[in-house]
1. Rank by packing, highest mean first: peptides 40-47, 106-113, 191-198, with packing defined as the count of other Cβ atoms within 10 Å averaged across residues.
2. Based on the alpha carbon coordinates of the range 45-171, what radius of gyration and maximum Cα-Cα distance (Dmax) apply, in Å?
3. Residue 70 versus residue 86, label points 7 Å from Cα toward the beta carbon: distance in nm?
4. For residue 118 and residue 56, FRET efficiency with R0 = 25 Å and r from the beta-carbon atoms, rounded to 0.05?
5. How big is D, in µm² s⁻¹, for the range 52-98 by Stokes-Einstein at 25 °C and 0.890 mPa s if Rh is the Kirkwood radius over C-alpha pairs?
6. Would you kindly give the portion of the calculated P(r) for the range 99-194 that falls above 18 Å, as a percent of all Cα pairs?
């Protein structure tokens, strides 16, 4: 074998090896992506096809004859409706709440985890993040009333936010998916419609165009704030101005 033939043979073997490695890498990626696409939908089977933005009639059609349901206003949100549902036999969640805007669009879904489902918590959270394409890095952590909260906020084109509430006493978990774009758009449109139907007096302040929960990015009925750090014993409260004058 001449030196040239030996050289070309080595090159041929090297190229063949690279092709095999490339094909193996592509195969692994296809398997991983296929597993990701086939991940179990965490929602109860009756509402796996329900999407944010759906009407109340569409949601009722999905859960009809599948458990008890009730309806009422969203607390402190005039014109917004909450539909509560108790699934009959879902192994993960014992209650689901659907919140609808003034224009009858679904903008928030709240899922209450059944007691005793602790081993599934991380799996359920990851499945919800994947379902709505929400990144899981750097969640915001805070305290709201009796709950420790983690907020996973969507970025760029992803407008959904996942909130994970953990009760500090019972350990009970609630997951909430909140679409701030649907909430904000419908609040603004409803306010503009109301302003046209009932013109205000000349010089009056214009109607609000942003819902309170959209201003802070929260789907719960009350505003939540990051937990303030407690004051150290050496810190003193400032005295009122009148006491200082004395």
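Just so it is clear, none of the values below were taken in a lab; they were calculated from the coordinates. Here the structure is a predicted model, which is why all the values come from computation and not from measurement. We place every Cβ from the backbone using ideal geometry, glycine too, and count neighbours over all the protein chains shown.
1. The densest-packed peptide leads the list: 106-113, 40-47, 191-198.
2. Rg and Dmax of the range 45-171, Cα atoms, are 15.0, 40 Å.
3. For the pair residue 70/residue 86, the computed spacing is 0.9 nm.
4. It comes to 0.15.
5. Diffusion coefficient, whole number: 214 µm²/s.
6. 52 percent
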